[in-house]
1. Restricting attention to region 76-107, which residues are open to solvent by 10 Å² or more (accessible area, probe 1.4 Å), over 23 Å from A331 (Cα atoms) and part of a helix (DSSP H, G or I)?
2. Report yes if A322 is at pLDDT 95 or above and in contact with an Asp or Glu (Cβ under 9 Å, 6 or more places away or on another chain), otherwise no.
3. Would you confirm whether or not region 138-157 contains a residue that is at pLDDT 95 or above, on the phi > 0 side of the Ramachandran plot, more than 15 Å from the chain's Cα centre (by Cα) and surrounded by 17 or more Cβ atoms within 10 Å (Cβ to Cβ)?
4. For region 55-72, enumerate the residues that are open to solvent by less than 10 Å² (accessible area, probe 1.4 Å) and assigned to a loop (DSSP other than H, G, I, E, B).
5. Quick one: how many residues across region 240-273 are assigned to a helix (DSSP H, G or I) and touching a residue at least 40 places away in the same chain (Cβ under 8 Å)?
6. Restricting the first residue to region 339-362 and requiring it to be of a type in the set (A, V, I, L, M), which pairs with a second residue that is part of a loop (DSSP other than H, G, I, E, B) meet a Cβ separation below 6 Å and a spacing of at least six or different chains?
7. So which residues in region 44-54 are assigned to a loop (DSSP other than H, G, I, E, B) and in contact with a helix residue (DSSP H, G or I) (Cβ under 6 Å, 6 or more places away or on another chain)?
8. On the basis of being surrounded by fewer than 22 Cβ atoms within 10 Å (Cβ to Cβ), among the hydrophobic types (A, V, I, L, M, F, W, C) and in contact with a Leu (Cβ under 7 Å, 6 or more places away or on another chain), does A186 make the cut?
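The values are calculated or read from the model by the stated rules, or taken from the named source; none is laboratory data. Keep in mind the model is a prediction, meaning the values are calculated, not measured. As a convention, Cβ positions derive from the backbone with ideal geometry for all residues, glycine included, and neighbour counts pool all protein chains shown. Just so you know, the surface numbers come from the protein's heavy atoms only, side chains and all, with ligands and any DNA or RNA stripped out. Shrake-Rupley method; radii C 1.70, N 1.55, O 1.52, S 1.80 Å.
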Amino acid sequence: MNSNALPPRRRRAARTRLLILAAAALAPATVHADGCSGNGAACPPDLAINDIQAVGSHNSYKIAIPDDELAMIAQSSPEAALGLDYGHAPLTEQLNLGMRQLELDLFYDPEGGRYADPLLPRLSTAATGEPTYDASGMQAPGFKAMHVQDIDQRSTCATFILCLREIRTWSQANPRHAPILILINAKEGALDFPGAKEPIPFDETAFDAFDKEILSVFPAERLITPDDVRGDAATLRDAVLAGGWPNLEAARGKMIFAIDENPNKTALYRRGKASLEGLPAFVNSRDEAADHAAYFTMNDPVRDQEAIKARVAKGFLVRTRADADTREARADDASRREAAFASGAHYISTDYYYPRTEWSGYSVRLPGGAPIRCNPVRVDAAGCGR
């Protein structure tokens, strides 16, 4: 059947199913330890986790907005509609494809139900008479994984706990995987849209609950924490600069959590702990001199090419983006992707681990489809898994 003959909502759902099937078809049939080349060759035994490079996904939970709702957004902002026109396969399929960085946007919902009846799907249902939103899990207390309240809420895993459990299940079945970086955006702020919910701001109580949700799914031994890296050093920064990141072999099967937020929110998360003592997550640093400096989000690999290389060379962990707002895929422009790879950033985020073929062939994978490779800034490629 020609998918263009379907109504817009069903056509978009069919496209999402095809993308998921494409992802599953590309997934390896047999699970091995993550090697350092497309042929599965073993990594050198002395690699630390900041000596590798991997690809991951941006807003990893996000389901594409139906066409009719995207048209509503376009009436107010055509540019916003273009930038929101993407979606992802379930986390399991992404991990099978080799994604080793995931990103979750979280909304604080301690009572539950705050986001169970989003505005745009409600308007769409009123117009069409067709139910459009699955609120499963949204009544439960706890953090919700979604992009924009009322506008772009559909998620392959509605709650933080559900996302974490899915990752844990995959990890238990693939215990030799390279460490997975899980980036967290703590979402808040009202929309300039009549009738939209105002998110509950994050505070220390919210971050206490966040830590508890992580540890309810992943015990400390399944994590790489700031304390693991700091060891006996005076500060986390001192440990990082002295080579404190764990060996890749010791880190297999583990998770790294990082709060990707502004300094005000990361200060709230730290709760007065200068080197994140006793906390399960790292934070996005803005200052290399800070005691907590270990991880940096630097999303523009073209503008920040030399700065990323410098931080990678010093030992800091860095994430960047190969594409943003659908621009690179629409234009089939690989320049930002290639800059990201060359920068040595450890985790390169994309919305296109497979191409959006109606636009172009643009996609982002490591050579040969390997989950990881030796970091081009830190390791001599001649001796890496060849």
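1. S76, T92, E93, N96, listed by residue number.
2. Answer is yes for this residue.
3. Yes.
4. Of the residues in region 55-72, the ones open to solvent by less than 10 Å² (accessible area, probe 1.4 Å) are 55-57, 59-62, 65, 69.
The answer is N59, S60, Y61, I65.
5. Total satisfying the criteria: 8.
6. A339/P301; A339/V302; A340/P301; A340/A322; I348/A322
7. L47
8. Taking the combined requirement at face value, the residue does not satisfy it.
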